[in-house]
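**Q** Can you read through this structure? Questions will come right after.
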Amino acid sequence: LVESEEIGTVGVGEATIPPFLDFNRLLEIDERELLASVQGSFKLGIQFVNWGKLGDSYIHPFGNYGYEMDGISFHHVWHKYRQAGDKRPIQVFNMETMAAYFGRFARTEDYQREDLPPVNYAYHLDAGRYARFLRGYAEKRGVVRKEGRVDDVQLDSESGFVNSITMQDGTRIEGDLFIDCSGFRGLLIEQALKTGYEDWTNFLPCDRAVALPCLREDGSGPLPYTRAKAHKAGWQWQVPLQHRNGNGHVYCSSFMGDDEALDILVKNIAGKPGADPNFLRFTTGRRKKFWNKNVVALGLSAGFMEPLESTSIHLINTGINKLIALLSLDGITQVQEDAFNRLTGKEYARIRDFLILHYNATSRDDSEFWNYCRTMAVPESLTEKTSLFRANGQIFREDNELFTETSWAAVMMGQGIMMQGHNAMADGLIGPDTAKELDGIEQSIRYVVEYMPTHGDYLKKYCPAPM
């Protein structure tokens with residue numbers, strides 16, 4: 001590993017999604033040790049404020065609404081009962097949403113009852129501390145780290161492959177396969193191999209961010225969810241760690257200047273700033289190839305989509321997983337490169353569509369930014385998704401995409417895209433047995449949430465981090 005302490009990291013992403021837990025379990029990392037080391041807390045989902053219209057609020061939860069009934073997704077059955085006069089909102093049938101509303105948390109293992117619904121969660125963490133934690137983990141297991149900056153890259157004159165890199169101290173490092181984790185500049189994938197970049201600014205216009213951590217001075221404990229609050233030309237994140245909040249404001253420079261963006265952020269945080277503001281510039285999009293010749297790009301060198309749904313670290317994890325699955329010790333073949341690029345390209349596109357949905361599904365007309373987002377052209381794949389849901393609530397998960405039916409339904413309904421119909425098979429589930437099932441789901445969730453400790457109390461007992 002070639003790495004330089006002189007080069008800063010972006011380090012603004014402090015929220016994760018549930019597959020992140022699988023990645024750490026694969027590495028056999030102890031959860032308590034990790035969370036204590038990274039000031040970590042638990043995350044049940046994301047609260048979105050002011051997205052559909054000013055004053056709106058909803059939660060995109062990590063778990064499902066209810067469960068499938070006779071092969072029919074729960075939101076279809078809920079809609080049928082809604083038409084029949086049941087006034088309960090769909091949120092009461094989701095464990096994570098209800099626990100989040102009451103600021104409570106527990107893991108499924110804590111109550112060990114098969115008749116009760118599970119708790120799906122991820123983490124909030126200090127990204128810089130997590131990087132240092134993994135560095136120590138890797139070096140203990142034999143990874144060799146070389147401190148210093150890369151000064152030159154040598155390409156093979158015939159194949160165009162990267163033969164070696166030369167560092168500023170003159171050290172030359174040869175390799176068969178290079179993984180480019182050099183951030184936005186793409187030292188190998190772009191500067192050396194001229195791979196090209198696909199710009200998605202027309203769909204996701206925000207291109208700036210300012211990050212600013214703060215201590216919590218209102219006496220409140222950490223919330224068990226991330227908050228994304230929309231402003232007039234972007235949105236603000238709040239990520240609660242054990243002893244501070246991570247805050248930031250993502251905005252579009254065509255509609256807002258840096259000073260105004262910082263002023264909005266400072267006025268909307270829970271305490272005094274704990275550091276100087278960190279301004280970032282980015283272009284949403286992806287490399288035209290993620291694997292080019294013998295270079296694989298991971299992280300920001302592969303592409304960037306804003307942290308609205310906490311997907312940046314996830315894309316690193318899935319990139320590693322695909323690389324391990326395709327890796328051969330017998331050299332690099334075109335079929336490996338093509339498969340990696342095709343699968344990763346689909347993954348990026350599906351996440352891109354989900355992020356666009358948040359901006360486009362709005363009735364806000366209070367600023368030029370929101371007028372643009374509401375009326376902009378969107379990919380046909382997203383138009384089809386929203387049209388099908390509006391017609392009869394149908395959601396198809398394609399190409400093993402990340403976001404579930406509940407994820408899509410939560411954001412669409414939360415931002416005003418309502419079901420006009422439902423799966424016709426749900427009509428056959430009206431009756432006392434199904435009604436009893438719905439009551440049982442709600443009562444089980446209420447029972448578990450009532451006996452959960454507060455999120456702050458749970459952290460103090462399970463994984464307290466030193467100040």
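**Q** How far is it, in nm, from the label point at residue 163 to the one at residue 342 when both lie 7 Å from their Cα along the line to the Cβ?
**A** 3.3 nm
**Q** Between residue 433 and residue 457, with labels modelled 7 Å along Cα→Cβ, what's the label distance in nm to one decimal, could you check?
**A** For the pair residue 433/residue 457, the computed spacing is 4.0 nm.
**Q** How far apart, in nanometres, would the label points at residue 366 and residue 70 be if each is projected 7 angstrom from Cα along the Cα-to-Cβ direction?
**A** 4.5 nm
**Q** I would also like to ask the following. What number do you get for the stretch 206-301 when its Cα radius of gyration is normalised by 2.2 N^0.38 Å, N = residues?
**A** 1.29
**Q** May I pose another question? Of 53/229; 87/436; 232/267; 229/460, which ones are farther than 19 Å apart at the Cα?
**A** 229/460
**Q** Run the helix sum for the chain: -39,500 (n - 2.57) per DSSP H stretch of 4+ residues, divided by residue count, reported at 222 nm to the nearest 500 deg cm²/dmol.
**A** The helix contribution divided over the chain gives -10500 deg cm²/dmol.
**Q** Give the Debye-formula value of log10 I(q)/I(0) at each listed q (0.12, 0.24, 0.27, 0.28 Å⁻¹), with one equal scatterer per alpha carbon of the stretch 152-214, two decimals each.
**A** With no solvent term, the Cα-only Debye profile gives -0.47, -1.07, -1.27, -1.33.
**Q** Separate question: Kirkwood Rh over Cα pairs of the stretch 13-82 into Stokes-Einstein at 4 °C, 1.567 mPa s: D in µm²/s?
**A** In µm²/s, the coefficient is 84.
**Q** Going by C-beta contacts inside 10 Å, put 447, 251, 130 in order with the fewest on the left.
**A** Listing 447, 251, 130 from fewest to most nearby Cβ atoms yields 447, 130, 251.
**Q** Binning every alpha carbon pair distance of the stretch 39-170 at 10 Å from zero, what are the percents per bin?
**A** For the stretch 39-170, the binned pair fractions read 9, 21, 24, 14, 14, 14, 4, 0 percent.
**Q** Dimensions of the stretch 307-360 along principal axes (Cα, Å, largest first)?
**A** Ordered largest first, the stretch 307-360 gives principal extents of 46, 18, 10 Å.
**Q** Just to check, using Stokes-Einstein with a Kirkwood Rh over alpha carbon pairs, what's the diffusion coefficient of the stretch 371-459 at 10 °C and 1.306 mPa s in µm²/s?
**A** Estimated via Stokes-Einstein, D reaches 97 µm²/s.
**Q** Go through 289/322; 288/322; 43/461; 43/288 and tell me which ones have a Cα-Cα distance over 22 Å in this structure.
**A** 43/288
**Q** Moving to a separate point now. Give me the extension gain from residue 400 to residue 155: residue separation times 0.36 nm, minus the current Cα-Cα distance, reported in nm with one decimal.
**A** Additional length available on full extension: 84.6 nm.
**Q** Take the Cα coordinates of the stretch 319-388, assign each an equal point scatterer, and use the Debye formula without solvent to give log10 I(q)/I(0) at q = 0.16 Å⁻¹.
**A** Relative scattering, expressed as log10 I(q)/I(0), comes to -0.68.
**Q** Quick check: convex hull of the Cα atoms in the chain, volume per residue, rounded to a whole Å³?
**A** Roughly 166 Å³ of hull volume per residue.
We did not get these values from a lab; they are worked out from the coordinates using the rules stated. These numbers come from a predicted model, not from an experiment. Note that we place each Cβ from the backbone using ideal geometry, even for glycine, and neighbour counts take in every protein chain shown.
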